[in-house]
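The structure appears below as structure tokens.
The values are calculated or read from the model by the stated rules, or taken from the named source; none is laboratory data. Computed from a prediction, not measured in an experiment: that's the story for all the values here. Note: ideal-geometry Cβ built from the backbone for every residue, glycine included; neighbour counts use all protein chains shown. Only protein heavy atoms, including side chains, enter the accessible area calculation; ligands, DNA and RNA are left aside. Shrake-Rupley method; radii C 1.70, N 1.55, O 1.52, S 1.80 Å.
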Amino acid sequence: MAEFVEIFEVGPRDGLQNEKRHIPTADKIALVDCLSAAGFRRIEVASFVSPKWVPQMADSAEVLARIARAEGVSYAALTPNMKGLERAIAARADEVAIFGAASEGFSKANINATIDESLARFAPVAEAAKAAGLPVRGYISCVTDCPYDGPTPPQKVAEVAAKLDAMGCYEISLGDTIGQGTPDSIAAMLDAVLCMVPAERLAGHYHDTAGRALANIEVSLEKGLRVFDAAVGGLGGCPYAPGAAGNVATEGVHDRLVALGYDTGLDSAVLLQGAAMARAMRGQ
Ligand code: HMG
Ligand code: MG
């Protein structure tokens, strides 16, 4: 039997957060419902950040309230602070994510905090989430390159990963936020992180800005990673990372994994419907 590799679908959050034009809530819900039918186990659908910082995510509670929740699917939300966590619990998110960075410039631009300040802010969020029975995922942005600070030392990523791991994150997602990683820089970063956190608790989150995300996934598979974040239709980017357009497209990751002999558990016909919906939402 083929080995299972999970694609964590982040399009409704990481994809749509970056769209400039207003996307109706009903369209977001229809996309999530299609993705639920495609067979994902985890879908990131919401972000309880400041609506002044990311207006596109202001309707996250309504999205969580109106989607048709499929049995066994975890609907995830970003929570930068206690206020975000309270909103996520009220909206009945199934799991939450705290999100930090391995570079100071991006941390400041994205969440208005130094790396140390952000970790101090995340600790009570992780604690309270666990007390509420919610699994906590951790993100680290700029794992190879930062749009403000340049190349990121692998050791810094390992240090932040160890701290998120100690906070009880069940998985740490390693973000090549601006898609400038290469198989060599991703491998060097993973070698450092794997000294602190085992591959079973890591995920690759690679943007495809330079067209190398699939190659970066392949090198990560060689290092033992078996979870990859992707956005249907290649939606997105990050509003606080200039040039971050384009998460790696889920359907492309699916095809590559299948070609490599892995099982994704996804229904490719439904996935393609989702990709068409996503492209229509961004006006393509
Ligand atoms: P701040 O301005 O330092 O926060 O922002 P504050 O605590 O001083 O609050 C300022 C105002 O925001 C107050 O309102 C708060 O109530 C409100 P006011 O009194 O001015 O009316 N506020 C909130 N409102 C709703 N929900 C909340 C919340 N928190 C405060 N949770 C903050 C700090 C973290 C809030 C802000 O910087 C922020 O929202 N940043 C989010 C940026 C973001 O969402 N970026 C994209 C996601 S990360 C990403 O895409 C990378 C990833 O994909 C991985 C990768 O690719 O690398 C994960
Ligand atoms: Mg991202």
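Quick check: Cα centre of region 121-144 to Cα centre of region 1-61, how many Å?
19
Rounded to the nearest 5, what % of DSSP beta bridges with both residues in region 95-160 are antiparallel?
In region 95-160, approximately 25 percent of DSSP beta bridges are antiparallel ones.
Evaluate E = 1/(1 + (r/R0)^6) for Ala37 and Gln155, where r is the Cβ-Cβ distance and R0 equals 35 Å; express this FRET efficiency to the nearest 0.05.
The formula returns an efficiency of 0.25 here.
Ignoring ligands and nucleic acids, what accessible area does Asp33 show with a 1.4 Å probe (Å², nearest 10)?
That residue has around 50 Å² of solvent-accessible surface.
With Cβ to Cβ distances under 15 Å as the rule, what net charge do the other residues near Glu218 carry (K, R +1; D, E -1)?
Net charge in that neighbourhood comes out at -2.
Leaving ligands, DNA and RNA out of it, rank Met1, Met281 by accessible area with a 1.4 Å probe, largest first.
Met1, Met281
Tell me, what is the per residue accessible area of the chain in Å², probe radius 1.4 Å?
38
What percent do you get for the relative contact order of region 1-103 when only Cα pairs under 8 Å and 6+ apart count?
26
Please check: in the Gaussian network model of the chain (C-alpha springs, under 10 Å), which one of Glu117, Glu104, Glu95 has the largest mean-square fluctuation.
The residue that fluctuates most here is Glu117.
What are the residues whose amide H is under 5 Å from the amide H of Phe8, where those residues sit 5 or more places off or on another chain and H is modelled from the backbone?
Phe228, Asp229, Ala230
Rounded to the nearest 500, what is the 222 nm mean residue ellipticity of the chain from helices alone, with -39500 (n - 2.57) per DSSP H run of 4+ residues and division by all residues?
When only DSSP H runs of four or more count, the value is -12500 deg cm²/dmol.
For the chain, give the magnitude of the charge dipole about the Cα centre (Cβ charges: +1 Lys/Arg, -1 Asp/Glu; no others), in debye to the nearest 20.
Computed about the Cα centre, the dipole is about 780 debye.
With the chain treated as a Gaussian network of Cα nodes joined by springs under 10 Å, which of Ile186, Ile178, Ile67 yields the largest mean-square fluctuation?
Ile67
In debye to the nearest 20, how big a dipole does region 1-154 give about its Cα centre with +1 on each Lys and Arg Cβ and -1 on each Asp and Glu Cβ?
That gives region 1-154 a dipole magnitude of about 440 debye.
Pop the C-beta distance of Glu62 and Ala280 into the FRET formula with R0 = 25 Å and round what comes out to the nearest 0.05.
0.75
Relative contact order for region 141-284: what percent, with Cα pairs under 8 Å and sequence separation of 6 or more?
In percent, rounded to a whole number, it is 20.
For region 1-136, give the percent of accessible area contributed by carbon and sulfur heavy atoms, probe 1.4 Å, rounded to a whole number.
On region 1-136, the fraction of accessible area on carbon and sulfur atoms equals 55 percent.
Could you list, in their original order, any pairs among Lys156/Lys223; Lys130/Lys223; Lys83/Lys130; Lys52/Lys130; Lys20/Lys52 whose Cα atoms are separated by more than 21 Å?
As for pairs spanning more than 21 Å Cα to Cα, those are Lys130/Lys223; Lys52/Lys130.
Given springs between every Cα pair under 10 Å in a Gaussian network model of the chain, which of Ala259, Ala161, Ala213 has the largest fluctuation?
Maximum among the listed residues: Ala259.
At a 1.4 Å probe radius, which order do Lys83, Lys20, Lys156, Lys28 fall into by accessible area, largest first?
I get Lys20, Lys83, Lys156, Lys28, largest accessible area first.
May I ask you to derive the relative contact order of region 1-54, considering only C-alpha pairs under 8 Å and at least 6 residues apart, and to give it as an integer percent?
Rounded, it is 54 percent for region 1-54.
Quick one: work out Rg over Rh on the C-alpha atoms of region 38-87, Rh as Kirkwood radius.
The Rg/Rh ratio comes out at 1.00.
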